[in-house]
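Where a number appears in this text, it was derived from the coordinates with a stated rule and is not lab data. All of these numbers come straight from a predicted model, not from anything done at the bench. Positions of Cβ are backbone-derived with ideal geometry, glycine not excepted, and every protein chain shown enters the neighbour counts.
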Amino acid sequence: MEIQDAQFIGFLIALLAVGAVVLFAWHVVMRPRKRGTKKKVASPAPTVIMAPAETPTTALFSVPVPVSVPANLPTGQSAIIETHNLRRTFASRGKRGKVEAVRGIDFQVLRGEIFGLLGPNGAGKTTTMRMLCTLLIPTTGSVTIAGHSLSHQHLEIRKRIGYVSQVGGMQREATGRENLMLQAKLYGMTVAEATARVEELLTLLNLHEFADRKTSTYSGGQRRIFDLACGIVHRPELLFLDEPSTGLDPQNRAQVWEQVKKLRDQGTTIFVTTHYLEEADALCDRVAIVDHGIIVAMGTPAELKKTIGEDSITLEFADSTQAQYVSMLLEGSPLVRSHTLEERTVRLYVDHGDATLPTILDLLHQQNRPVARIALAHPTLDDVFLKLTGRTLEASEAR
Amino acid sequence: MNKTIRDIFIIGKRELLIQVRNPLWLFFGLFQPIVYLALFSPFLKGIASTPGFPQSSAIQFFAPGMLIMNVLFGAAFAGFGLIDQLRSGFIERIRVTPVKRASIALGFVLRTPVVLIIQSAILLVVAVLFFHLRVDIGGVLLLLPLLIIIGITMASLSYTIALTVKDEGTLAAITNFFTLPLFLLAGVMLPISFAPKVIQSIAHFDPFTYAVDASRALVNGAVGDHSVPVVFIIFAVLGVVTVLWFITSMREAVA
C-alpha cells in the first residue's frame, strides 16, 4: 500500500512537471508572435514622424495653420472637450515593454460642431476616443468634458455623452426596441419615459418597421441606425462615433451622415473618427489628423487644404531616376509651393494649377524629361495626409 | 428604487430574457446529468452492496452528487455568454452609461441562480419519478440555497476568467483544467472512501467534496450532518470572494 502511494505521488509530480513544461513552452512560443505584431505598429513611428518635422512641413506650418489650437478657434464659442498632453501607453508582453498608442494630444472641440479625428488604422484614434468616453484611463494628461474632469468625474461625464463604438453593441438576441428600452432605463428613465422616448426615436429615424425583430436579422445599415439611436436615447450633449460609416454601402453611409448632421443642427456636438477622408472633408466642421499617436495637423478642411496649395499636379515618369531628377530640379522653384516624390511619381502642390501646368511642361520639355502621365487635381485631405506623413492613407492602411 | 439595485435587475432580467429566447440551453443543460442518471447510475447497483458503501442504494448515492455536478459544470460555462456580449460590444455600450460596474457584474451573476433552480428542480423530479429517488423535503429546501451559492461562486469565477481571456477556446481549456479534477475528487461517481489514502487526503482540499457530502446528507434526510454547516460557510466565503473579484475585473476590464 505504501509503495503504491509513493508511486502515485511520483506520478502526480511527473504530471505537474509535464504541465509546467508545456505551459512554459506555450508561453515561449506565443511571446515572439505577440511582440512581432506590436512592433509593426510601434517601431516605424520615430522614423516616419521625424521626416515631416524636418522637411517641408515646417514651412507648411509657418504658413496659416498653427498646430496649436487657439488661433483657429472661432471666437466666442466654448469648448466641450479640452485635452492637454493626453497620453496612453500599453504594456507590451515583450521585454521592450511599452507601446505608445497616443503620445501627447492637445485639442479642443467646440460646442455644436462636428469634429473629425482622422488617420490610418492604428494611429491612435480609437484609443483617444475610448479615453474620452471613460472606457480607458489615460496614462497622463488632463481632459475636461462638458465642464467635468475626466480623472475623477466619470459619472457626470457618462450622463452627458453618448458613444457608438465600431461594433455597435446591439444584443443580437433582443429586438431593436428592447435594446433601446434597456439603454433608456440604464440612463435612469422610468418605464413610461423610456417608452415615450423610444417611440419618438423610432419615428424620428423611421425604424418602426424593424423595431420588433431580433437585431441579428438586421442589415448592416439598419443596425447602424439603431446603434446611432442607442447612442442618443438620453439626448447627450456630446456624441462619440467611432468609424460610423465603416463597412456600409454608399447609400447607408449617406443616411448615417444625414442623421449625424441633423443632430448637429439640433445642437449636439459630434466627435467622430474616420479614415474616409473625403467623407470627413464633406461633413466635419473641423478635423485633426493623427498619425502614430500625435496630431500632425488641425483645422477646418478648407484651411488644411489651403496649406497644401491650391492644386496638385501629378507627374509620372518612365523611371525613378527621371523622377528624382525632376524633383531636384523643382526644389526651391517659385512655381511650386512644395512637392513629394514617390518612386516614379512626383507630386507638385501649386497655387494655380491650370496656369502653372503649361509652364512646368515647358520646363520639362527644355530639360528633355518626357512625362509619361500627368494629372491635375484640386487638393484633398488625403493630399494633406500625404504631405504631412510622406505617404498616402491607403499606403498606411495596407501596411 | 435605488438606481444601483434597479440596474442590477434591468441587466439580470435582460440576460434571462436572452436565455429564455434560446430554449436549447434547457435541453443541453439537462442532457448530460440525465444521461448520467440513465446510463451510469445502473453501474453503481452492483457496487452499492459492497461493505462501506455510504448510502442505502445507488440512486440515493448518485443523484445528490449529480445535482452538485450539474451546478459545477453548468455555472462554470456561464462565461461563454459574457464573451459573446463582449464581442458584440454590448458590455462596452453599457460601460459608457452611468451604471455602476458592480450593477453590471451582479446583473450577470443574477441570472445563474434562476437558471440553476429550474434545472435542479427538473432533475430532482426526473430522479424521483423515473429512478425511484426518495427525497427529504426539508433537506431539499435547504439544498436549493446551497446550489445557488455554489452556482454564484462558479459563475463569477467563469465570468472573471472570461473577462481576462476574452476568447472562447482559452476559456474552455481553463474551465476544463479546473473543473474536471474538482469534479473527480469530489466523489460524485464513486465513494471517496473507496479511493487510495493519497487521493482521499487531496480530496480534503476540494470544496466540492464537502458539497457532495452535504447534498447526500440533505437529500437523504440527515439535515444535522456536520458537512452541511461546513459547506455553507466554505461557499459563502468563496462566493463573496469570487463575486468581489468579478466586480473588480469588470471595473478594470478594457473590453
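Would you confirm, using the coordinates I've provided, whether A:Asp106 is away from chain B (no Cβ under 13 Å) and buried (at least 16 other Cβ atoms within 10 Å of the Cβ)? Here the answer is yes, as A:Asp106 does meet what is asked.
From the residues in the stretch B:85-117 that are part of a helix (DSSP H, G or I) and of a type in the set (D, E, K, R), which one is farthest from the other protein chains (Cβ to nearest Cβ)? So, considering only residues that are part of a helix (DSSP H, G or I) and of a type in the set (D, E, K, R), the one farthest from the other protein chains (Cβ to nearest Cβ) is B:Arg111. Kindly establish whether B:Leu141 is without any contact (Cβ under 8 Å) to a residue 60 or more places away in the chain, within 19 Å of the chain's Cα centre (by Cα) and either more than 25 Å from A:Leu15 (Cβ to Cβ) or surrounded by 15 or more Cβ atoms within 10 Å (Cβ to Cβ) (or both). Taking the combined requirement at face value, the residue satisfies it. Residue selection: B:Ile68 fails the criterion of being within 14 Å of chain A (Cβ to nearest Cβ) and buried (at least 20 other Cβ atoms within 10 Å of the Cβ).
If you go through the stretch B:238-255 and keep only what is farther than 18 Å from B:Thr112 by Cα and out of contact with any helix residue (DSSP H, G or I) (no Cβ under 6 Å at 6 or more places or on another chain), you end up with B:Thr248, B:Glu252, B:Val254. If the condition is being within 7 Å of chain B (Cβ to nearest Cβ) and either touching a Leu at 6+ places or on another chain (Cβ under 9 Å) or among the aromatic types (Phe, Trp, Tyr) (or both), then the stretch A:169-180 contributes A:Gln171, A:Glu173, A:Ala174. With respect to the stated conditions, B:Ser41 fails to be small (Gly, Ala, Ser) and not in a helix (DSSP H, G or I). Scanning for something over 20 Å from the mean Cα position of the chain (by Cα) and either crowded, with 20+ Cβ neighbours inside 10 Å or part of a helix (DSSP H, G or I) (or both), does the stretch B:73-84 turn up at least one residue? Checked against the condition, which is being over 20 Å from the mean Cα position of the chain (by Cα) and either crowded, with 20+ Cβ neighbours inside 10 Å or part of a helix (DSSP H, G or I) (or both), the stretch B:73-84 yields at least one hit.
What about B:Arg134, is it within 20 Å of B:Leu16 (Cα to Cα) and either among the hydrophobic types (A, V, I, L, M, F, W, C) or surrounded by fewer than 21 Cβ atoms within 10 Å (Cβ to Cβ) (or both)? Spelling it out, it is not the case that B:Arg134 is within 20 Å of B:Leu16 (Cα to Cα) and either among the hydrophobic types (A, V, I, L, M, F, W, C) or surrounded by fewer than 21 Cβ atoms within 10 Å (Cβ to Cβ) (or both).
Evaluate the following for B:Phe61: is it within 14 Å of chain A (Cβ to nearest Cβ), touching a residue at least 40 places away in the same chain (Cβ under 8 Å), assigned to a helix (DSSP H, G or I) and surrounded by 13 or more Cβ atoms within 10 Å (Cβ to Cβ)? Answer is no for this residue.
Listed here are the residues, each with its yes/no results for (1) crowded, with 18+ Cβ neighbours inside 10 Å; (2) of a type in the set (Asp, Glu); (3) more than 18 Å from A:Phe271 (Cβ to Cβ).
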position: A:Arg111; (1), (2), (3): no, no, no
position: A:Ile145; (1), (2), (3): yes, no, no
position: A:Gly169; (1), (2), (3): yes, no, no
position: A:Arg177; (1), (2), (3): yes, no, yes
position: A:Ala192; (1), (2), (3): no, no, yes
position: A:Thr195; (1), (2), (3): no, no, yes
position: A:Leu202; (1), (2), (3): yes, no, yes
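Filter the stretch B:191-220 down to residues that are among the charged types (D, E, K, R) and more than 14 Å from chain A (Cβ to nearest Cβ) and give me whichever is nearest to B:Leu67 (Cα to Cα). In this case the residue turns out to be B:Arg216.
Consider the stretch B:7-20 and keep the residues that are farther than 18 Å from B:Phe77 by Cα and either of a type outside the set (A, V, I, L, M, F, W, C) or in a loop (DSSP other than H, G, I, E, B) (or both). The one that is farthest from the other protein chains (Cβ to nearest Cβ) is B:Lys13. When the residues of the stretch A:181-203 are filtered to those that are touching a residue at least 40 places away in the same chain (Cβ under 8 Å) and more than 27 Å from the chain's Cα centre (by Cα), the one that is nearest to the other protein chains (Cβ to nearest Cβ) is A:Tyr187. Across the stretch A:134-153, the number of residues qualifying as in contact (Cβ under 8 Å) with a residue 40 or more places away in the chain and at the interface with chain B (Cβ under 8 Å from one of its Cβ atoms) comes to 1. For the stretch A:154-168, check the following and say yes or no: at least one residue is at the interface with chain B (Cβ under 8 Å from one of its Cβ atoms), in contact with a Cys (Cβ under 9 Å, 6 or more places away or on another chain) and β-branched (Val, Ile, Thr). Yes, some residue in the stretch A:154-168 is at the interface with chain B (Cβ under 8 Å from one of its Cβ atoms), in contact with a Cys (Cβ under 9 Å, 6 or more places away or on another chain) and β-branched (Val, Ile, Thr). Scanning the stretch B:216-255 for residues that are more than 30 Å from A:His154 (Cβ to Cβ), free of Cβ contacts under 8 Å to residues at least 12 places away in the same chain and aliphatic (A, V, I, L, M) yields a count of 2.
Part of a helix (DSSP H, G or I), of a type outside the set (A, V, I, L, M, F, W, C), surrounded by 21 or more Cβ atoms within 10 Å (Cβ to Cβ) and over 12 Å from the mean Cα position of the chain (by Cα): does that describe B:Gly151? So B:Gly151 fails the test.
The residue that is nearest to A:Leu283 (Cα to Cα), counting only those in the stretch A:207-242 that are surrounded by fewer than 20 Cβ atoms within 10 Å (Cβ to Cβ) and acidic (Asp, Glu), is A:Glu237. The set of residues in the stretch B:21-42 being aliphatic (A, V, I, L, M) and more than 14 Å from chain A (Cβ to nearest Cβ) consists of B:Leu26, B:Leu30, B:Ile34, B:Val35, B:Leu37, B:Ala38, B:Leu39.
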